[in-house]
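Engineer: Okay, handing you the structure first.
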Amino acid sequence: MLSIAVAAKGTCDPGAFIEALMREYALTSSDIDVHIAHDEDWPAEYRNLDDAITLHRCVEGTSVLRLWGTAIANSQGEYIAVLDVCSPPETGWLKCVQLQIEHRTPLFFGPVEPGWGKNDARIVGYLAEYAQFSKPLASTLEEVPGNNIVCHRSLLDDASGLVSEGFFKTFMVWRLEQEESLKPQKCEDMAVIYYKPFSRKHYMMKRYLHGRCFGVTRHDNTGQPPRSLCMISTLVLPIIRIWRIYRAVKKHSDLRYAFFRFFHLIVQSEIAWSYGEMAGYINRDRSVCAQLD
């Protein structure tokens with residue numbers, strides 16, 4: 001059985017996402033349960049799907065990590081697909097997931113494609129966070145997308161920890177690689193489409209908070225460089241991160257154009273993350289992780 005665990009953070013229109021699930025027949029299969037955790041009122045026009053979707057109303061302001069954790073903790077499937085309501089699956093997504101489950105692949109992920117055009121400022125979030133996961137997926141990737149990953153339930157933390165702390169995909173992947181030599185597998189035909197909204201001020205604060213949470217929690221994991229070295233490295237981290245983005249987009253003409261079109265916003269984004277990461281190493285206030293969206 002497959003569970004689809006979805007985070008719906010803030011005000012959102014789930015129409016495209018629900019239509020995609022219907023197109024994939026995910027809402028009519030007896031072998032699939034869908035759980036959506038949300039922190040604001042669910043649109044009235046989509047409240048008549050109780051038989052197909054289980055909604056979990058969380059306190060307003062609940063972090064996206066805890067929304068995912070809540071949806072995962074309440075699901076029943078042997079495998080869990082972690083998605084975001086603003087990134088609906090492409091046609092063929094479910095077929096690819098089911099094929100990997102048949103092969104008993106314990107951990108796998110798919111591409112994230114841009115939904116916004118090259119002249120649309122909303123593509124900035126995609127460039128900064130997901131361009132590295134565009135098709136075709138690179139042979140080597142340092143990360144996996146948090147909005148398109150599937151894993152066997154046995155690899156996850158216990159339900160209480162998921163609800164209280166949230167789902168940290170980066171740290172889960174690190175732990176599995178270090179402790180079990182388990183690397184996530186790529187599934188090229190398992191794509192989702194990025195349609196997240198963008199507001200410059202809000203997005204820069206988001207990047208700062210995500211960087212800060214990463215800095216606070218990074219050393220919960222074994223095998224990390226000394227905290228002092230990590231802190232010093234944040235001084236050059238914006239350059240490294242911007243170079244990684246360019247490396248990901250340079251072979252895609254539209255993405256490369258968008259990179260230079262919105263270069264000033266990408267620079268601000270990566271400075272915000274790096275400054276936040278440094279603050280996290282220094283301050284170590286874990287409460288910041290409860291503010292992520």
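The values are calculated or read from the model by the stated rules, or taken from the named source; none is laboratory data. Not measured: the values here are computed from a predicted model. All Cβ positions, even for glycine, are placed from backbone atoms using ideal geometry, and neighbour counts span all protein chains on display.
Engineer: Could we say that I245 is part of a helix (DSSP H, G or I) and surrounded by fewer than 15 Cβ atoms within 10 Å (Cβ to Cβ) here?
Structural biologist: No: the conditions fail for I245.
Engineer: Hey, another quick one. Of the residues M205, M190, which is surrounded by 21 or more Cβ atoms within 10 Å (Cβ to Cβ) and either part of a loop (DSSP other than H, G, I, E, B) or on the phi < 0 side of the Ramachandran plot (or both)?
Structural biologist: M190
Engineer: Counting only residues that are surrounded by 10 or more Cβ atoms within 10 Å (Cβ to Cβ), out of contact with any Phe, Trp or Tyr (no Cβ under 9 Å at 6 or more places or on another chain) and closer than 27 Å to Q291 by Cβ, how many does the stretch 46-61 have?
Structural biologist: 6
Engineer: Of everything in the stretch 17-47, what is touching a residue at least 60 places away in the same chain (Cβ under 8 Å), out of contact with any Ser or Thr (no Cβ under 9 Å at 6 or more places or on another chain) and either at positive phi or among the charged types (D, E, K, R) (or both)? Give them in sequence order.
Structural biologist: E19, Y25
Engineer: When F108 is evaluated against the numbered criteria (1) within 24 Å of P197 (Cα to Cα); (2) out of contact with any His (no Cβ under 9 Å at 6 or more places or on another chain), which criterion, by number, is the only one it fails?
Structural biologist: (1) is the only condition that F108 fails.
Engineer: Also: Filter the stretch 11-26 for residues that are buried (at least 17 other Cβ atoms within 10 Å of the Cβ) and touching a helix residue (DSSP H, G or I) at 6+ places or on another chain (Cβ under 9 Å) and give the result.
Structural biologist: Matches in the stretch 11-26: P14, I18, A20, L21, E24, A26.
Engineer: If I ask for residues that are farther than 21 Å from W174 by Cβ and either in a strand (DSSP E or B) or in contact with an Asp or Glu (Cβ under 9 Å, 6 or more places away or on another chain) (or both), which ones from the stretch 100-119 would you list?
Structural biologist: I101, P111, E113, P114, G117, K118 - these are the residues of the stretch 100-119 that are farther than 21 Å from W174 by Cβ and either in a strand (DSSP E or B) or in contact with an Asp or Glu (Cβ under 9 Å, 6 or more places away or on another chain) (or both).
Engineer: When you check G10 against the structure, is it of a type outside the set (D, E, K, R), under 21 Å from the mean Cα position of the chain (by Cα) and modelled with pLDDT of 95 or more, yes or no?
Structural biologist: Details: of a type outside the set (D, E, K, R): yes; under 21 Å from the mean Cα position of the chain (by Cα): yes; modelled with pLDDT of 95 or more: no.
No: the conditions fail for G10.
Engineer: In the stretch 146-157, how many residues are assigned to a loop (DSSP other than H, G, I, E, B) and either touching a Ser or Thr at 6+ places or on another chain (Cβ under 7 Å) or not acidic (D, E) (or both)?
Structural biologist: 3
Engineer: Go through the stretch 224-242 and count every residue that is in a helix (DSSP H, G or I) and not hydrophobic (A, V, I, L, M, F, W, C).
Structural biologist: Here the count works out to 5.
Engineer: To continue, here is another question. Filter the stretch 158-182 for residues that are outside any helix (DSSP H, G or I) and in contact (Cβ under 8 Å) with a residue 40 or more places away in the chain; which is surrounded by the fewest Cβ atoms within 10 Å (Cβ to Cβ)?
Structural biologist: L182
Engineer: Say whether the condition of being among the β-branched types (V, I, T), over 22 Å from E142 (Cβ atoms) and buried (at least 18 other Cβ atoms within 10 Å of the Cβ) is met by at least one residue in the stretch 278-291.
Structural biologist: Step one: filter the stretch 278-291 for residues among the β-branched types (V, I, T), giving 282, 288.
In the following step, the residues that additionally are over 22 Å from E142 (Cβ atoms) were identified as 282, 288.
Those still in the list that are buried (at least 18 other Cβ atoms within 10 Å of the Cβ) too: 288.
Yes: one or more hits.
Engineer: Counting just the residues of the stretch 48-63 that are among the aliphatic types (A, V, I, L, M) and either in a loop (DSSP other than H, G, I, E, B) or touching a Ser or Thr at 6+ places or on another chain (Cβ under 6 Å) (or both), which one comes out modelled with the highest pLDDT?
Structural biologist: The selected residue is V59.
Engineer: So, Y257, is that one more than 30 Å from N221 (Cα to Cα), at pLDDT 95 or above and not assigned by TED's automatic domain parsing to the domain that holds E165 or not?
Structural biologist: yes
Engineer: Are any residues in the stretch 82-107 within 13 Å of A191 (Cβ to Cβ) and crowded, with 23+ Cβ neighbours inside 10 Å, and if so, which ones?
Structural biologist: As a first pass, look at the stretch 82-107 and keep what is within 13 Å of A191 (Cβ to Cβ): 83, 87-97.
Selection gives L83, S87, P88, P89, W93, V97.
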